[in-house]
Amino acid sequence: MNTIETSSKKITSRFRRALMCMALLLGPMCAPQAQAQARLIVRDSLGLGGLNLTCLLLGCKVVEGIGDPQGQLFVVVFPSLLNPVTALLKLSLNLGIVDVEIDQTVKTLDAYAGPAPSYLTDEAPTSYYGATVWQGYVTQPATTLIRSSSARSTFNVTGSGVTVAVIDTGVDPTNPVLQGLLVSGYDFTRNSNGGSEGSDVSTSSSLSSAQAAQVNQRTVAVLDQRTVAVLDGSGYAAFGHGTMTAGIVHLVAPQAKIMPLKAFSADGSGYDSDILRAIYYAVKNGAKVLSMSFDYTSYSQELASAINYAKKNGVVSVASAGNDGLNEKVYPGALPGVIDVASTSNSDVQSVFTNYGAPPVWLAAPGEGVMTTYPWGTWAAGWGTSFSAPFVSGAAALMLGANGNCTTSNVASGLAQADSISDPQLGYGRLDAYKAVQYCHQ
C-alpha cells in the first residue's frame, strides 16, 4: 500500500509540475519574445531518457550531451519565443532535474597591443628542440625573467610525457614549430575532430612580403598587408589566439604534447557548454594540464563541477585572471583549485590591464609583448593575461614531466616559489620556472 501511494504521489507531482510549467508558458507571466533560442545546460539524474520525456512535455529539444562521466549533462534549447530565464524556471520544476543554468557566451580576453617589440623581427634561424625558430622567440625577455632555460638544463626537464590541453580558438596544425607536438584534439564549434583554427579563414600569409602589423587589439603579427586586411574585422578578433597560447606552452616546455581543443570561434566567442565539453574531453583523453585563457564574469556551477572533476583526476587547471584592470573575481580563475595568473611587464611591473587581488590571483607571469607562434608559420607578439597563463601551464608541465618529481597535488605550492615583485596584490609574485622545478627536487 505504501509503495502504491508513493508512486501515485510521484505521478501526481509530475503532472502538477507540468501544469505549472504550461501556466508559465501560456499565462500573463510569460516573457516577451527573444531573438534567439534559449540555450540551457541541464543536469538530469534520469539521464537522456528522462530529459527527452521532459522536453516532450515542455516543447524543448536536447541538442547534445556534454560528456560528463555520469551522462547527466546536456545542452537543451527552447523555441525563440521563450525568454531564457523563463525556460530555466520551466525546466527546474521537473522531476530528475538537478541543475539548470543558461548556456552563457564566453569571450577570449582582450588587452590593447603596444608597439611591435624589437625581438619580434629577429629572424635569425635558431634550432629549438627539433624545429627551426626565429631567435627572438627563444631569447625574448620573458624567458630570461622566468628562467625556463635554466630550469630545463639544470634539472633535465622538458615537459616530456605530459599533455597540455589548450582550450582556445584551436591551433594551426601546419605550424612547423608545433605540428610534431599536437595530439588528437577536437573542434567543439563544429563537432569535428582536429581542433584546427585554419578552417575559420580562407586566406594565407606570404612571409616574403611580410612586416609587423597590428591585426587586432592585442596582437602584432608578422604578416603581409593582404592578410592583415582580411583579418581586420571583428569576425577575426581572436584568430590565431590558440596558436599563440600553444606556442608559449611550447616555449617553456618544449617536449610537452599539446591537445588543441577548439571551443571558441575566430571572433573570440564560445559557449559555456563547449568549454565544459572540452574539459571533460581533456580529462578523458589523458591531459595533465588545462590551459585556459578566457573568463566568465558570472559563476557557473557546472564549470566548478567540471574543474573539480579534473582536479580529482589529477589534472592541473591554469587560467588567466582577466584584463579589466580591476580587483575582481572572474571564472574559472577564481574557482578553488585553479591557478589564477595575472600579468606583469618585462620590467616586473603590474600590467595596467591585468586584474589583481590575492586571492584569487595565485601568481603573475609576463604578459606584455610576448613573442610566440602564429598561423601560417609566422610569428606574433601578444598582450594580455591570455599570454601570461600559458607560461604557467608550461611550467606546470616541466614540474610534472619526466624527471620533474612533482605530483599534481604540489604543483601549486611549487609555483608559489615565485620571485617577489613590488605589488602584493599579484599573489606569490612573478613566475620563476627554476624555483618551481627545484621545489620538486628538494
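The values are calculated or read from the model by the stated rules, or taken from the named source; none is laboratory data. None of these values were measured; they are calculated from a predicted model. Every residue, glycine as well, gets a Cβ built from its backbone with ideal geometry; the counts of neighbours run over all protein chains shown. Ligands, DNA and RNA are excluded from the accessible area calculation, which covers all protein heavy atoms including side chains. Shrake-Rupley method; radii C 1.70, N 1.55, O 1.52, S 1.80 Å.
Listed conditions (1) of a type in the set (A, V, I, L, M, F, W, C); (2) open to solvent by 50 Å² or more (accessible area, probe 1.4 Å); (3) within 30 Å of residue 175 (Cβ to Cβ) are all met by residue 352, apart from (3). How many residues are open to solvent by less than 50 Å² (accessible area, probe 1.4 Å), over 21 Å from residue 315 (Cα atoms) and modelled with pLDDT under 95 when one looks only at the range 397-442? So the answer is 2.
Across the range 357-383, the qualifying residues are those that are within 16 Å of residue 335 (Cβ to Cβ), open to solvent by 10 Å² or more (accessible area, probe 1.4 Å) and assigned to a loop (DSSP other than H, G, I, E, B), and the one among them that is modelled with the highest pLDDT is 360. Of 329, 311, all but one fail to be among the basic types (Lys, Arg), part of a loop (DSSP other than H, G, I, E, B) and open to solvent by 10 Å² or more (accessible area, probe 1.4 Å); the exception is 329. For the range 259-282, a residue qualifies if it is in contact with a helix residue (DSSP H, G or I) (Cβ under 8 Å, 6 or more places away or on another chain), surrounded by 22 or more Cβ atoms within 10 Å (Cβ to Cβ) and outside any loop (DSSP other than H, G, I, E, B), and the qualifying residues are 259, 260, 261, 262, 272, 275, 276, 279, 282.
Residues in the range 123-151 that are among the aromatic types (Phe, Trp, Tyr) and at positive phi: 129 alone. Identification of strands (runs of 3 or more DSSP E) wholly contained in the range 37-99 with 2 or more residues that are open to solvent by 20 Å² or more (accessible area, probe 1.4 Å), at pLDDT 90 or above and of a type outside the set (Gly, Ala, Ser) yields 38-44, 61-65. So, in the range 294-308, of the ones that are open to solvent by less than 10 Å² (accessible area, probe 1.4 Å) and assigned to a strand (DSSP E or B), which residue ends up modelled with the highest pLDDT? Checked the range 294-308; the qualifying residue modelled with the highest pLDDT is 294. Of all residues in the range 158-175, exactly one satisfies the criterion of being farther than 14 Å from residue 249 by Cα, more than 18 Å from the chain's Cα centre (by Cα) and either crowded, with 23+ Cβ neighbours inside 10 Å or among the basic types (Lys, Arg) (or both), namely 175.
When 149, 160, 118 are checked against the criterion of being among the hydroxyl-bearing types (Ser, Thr, Tyr) and touching a Ser or Thr at 6+ places or on another chain (Cβ under 8 Å), a single residue qualifies: 149.
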